[in-house]
Amino acid sequence: MIDFFKRSISSTFFFLLLLHGVIAHASYIEQCLRNDLPDKSCARIQADSQRWTEDINAAANKVGLDPLLLKAVVAIESHFNSKAHSPHGPVGLVQILPSTAHKLGFSNEQLKVPEVNLEAGATYLKIQLDKFSDNYLAVVAYNLGGKTETSNKKAQRHANAYAGNVISLYDYFQSQSQSENDSLR
């Protein structure tokens, strides 16, 4: 019962951070991945990040996308939780809308398979990157359903903050990858 209460408080705190703004959210994820926060939520995020890295790489490589960009999207979208489901409809690691995935040829049942979910998200992100030729704009479009601007000011602010957080995390993953490559030499 005490563990349930602790998880509820942790989940509530995390939800409040999310409501406060996506910027706090990205900072939390990055701190978790850097191992700066020794809590159970971070331990799960770290383990899930390691669990899905190979599949993220495979999905990104299949469509010709930088795996680190897809990894940053997955980190922000679902915190590497393959069972993530939003009340607004997005599902899985990439939090893709079933209607969007259907347009790409993926069924609802397929989206439940994490590796296929990753492929659907990678495909959609690659389409946006090909369309806008810019990582930031592609990520904004990923969030806004294929466009980079909306008349809904709240949605636009959210999409811009979301893209900023994805790109910040992408930069972190790139620097981490470079450090690993340097240490291997």
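Spelling out what I want: for every residue of the stretch 51-60, take phi, set θ = phi - 60°, compute 6.51 cos²θ - 1.76 cosθ + 1.60 (Karplus), and round to whole Hz; glycine and proline get x.
Values per residue, Gly and Pro as x: 4, 9, 4, 4, 6, 4, 4, 5, 5, 5 Hz.
With only Lys, Arg, Asp and Glu charged, each at its Cβ (+1 for the first two, -1 for the last two), find how big the charge dipole of the chain is about the Cα centre; round to the nearest 20 debye. Could the numbers behind the result be given before it?
Numbers: 18 positive and 18 negative charges, 110 e Å.
Around 540 debye, computed over the chain.
By how many nm would the segment from Gln174 to His85 lengthen if fully extended, with 0.36 nm per residue of separation less the alpha-carbon distance?
Residue separation times 0.36 nm, minus the Cα-Cα distance, leaves 29.2 nm.
How large is ³J(HN,Hα) for each residue in the stretch 132-147, as worked out from phi by the Karplus curve 6.51 cos²θ - 1.76 cosθ + 1.60 (θ = phi - 60°), to whole Hz, x for Gly and Pro?
10, 6, 7, 4, 4, 5, 4, 6, 4, 5, 4, 6, 9, x, x, 10
Accessible area per residue for the stretch 69-121 in Å², computed with a 1.4 Å probe and the full protein assembly in place, what is it?
Numbers: 2260 Å² over 53 residues.
Accessible area per residue, the stretch 69-121: 43 Å².
Calculate the translational D of the chain in whole µm² s⁻¹ from Stokes-Einstein, where the hydrodynamic radius comes from the Kirkwood formula applied to all Cα pairs, the temperature is 10 °C and the viscosity 1.306 mPa s. Numbers along the way, then the final one.
Working: Rh = 16.8 Å.
Reported coefficient: 94 µm²/s.
If the limit is 27 Å between Cα atoms, which of Lys40/Lys154; Lys40/Lys126; Lys62/Lys112 go over it?
On the way: Lys40/Lys154 32 Å; Lys40/Lys126 33 Å; Lys62/Lys112 19 Å.
Over 27 Å Cα-Cα: Lys40/Lys154; Lys40/Lys126.
Would you mind calculating the relative contact order of the stretch 63-185 from Cα pairs under 8 angstrom and at least 6 residues apart, reporting the percent as a whole number?
22
How big is the stretch 41-113 in terms of Cα radius of gyration and Dmax, in angstroms?
Reported Rg and Dmax, both Å: 12.1, 36.
Collect residues whose amide H, placed 1.01 Å from N in the peptide plane, falls under 5 Å from the amide H of Ile96; neighbours closer than 5 in sequence don't count.
Residues meeting the amide H criterion: Val91.
Starting from 0.36 nm per residue, how many nanometres of slack lie between Asp134 and Lys154 once their C-alpha separation is accounted for? It would help to have the intermediate numbers written out before the result.
Numbers: separation 20, 0.36 × 20 = 7.20 nm, distance 2.26 nm.
Full-extension gain reported as 4.9 nm.
Which FRET efficiency value, to the nearest 0.05, is calculated for Lys40 and Ser107 with the Förster distance at 22 angstrom and r the Cβ-Cβ distance?
Numbers: r = 34 Å, r/R0 = 1.56.
Result of the calculation: an efficiency of 0.05.
Carbon-plus-sulfur fraction of the accessible area of the chain, 1.4 Å probe, in percent?
Working: 5730 of 10400 Å².
Percent of accessible area from carbon and sulfur atoms in the chain: 55.
The values are calculated or read from the model by the stated rules, or taken from the named source; none is laboratory data. Keep in mind that this is a model prediction, so the values were computed, not measured. In this analysis, Cβ positions are derived from the backbone assuming ideal geometry, glycine residues included, and neighbour counts consider all displayed protein chains. To get the accessible areas, we keep the full protein, side chains included, count just its heavy atoms, and leave off ligands, DNA and RNA. Shrake-Rupley method; radii C 1.70, N 1.55, O 1.52, S 1.80 Å.
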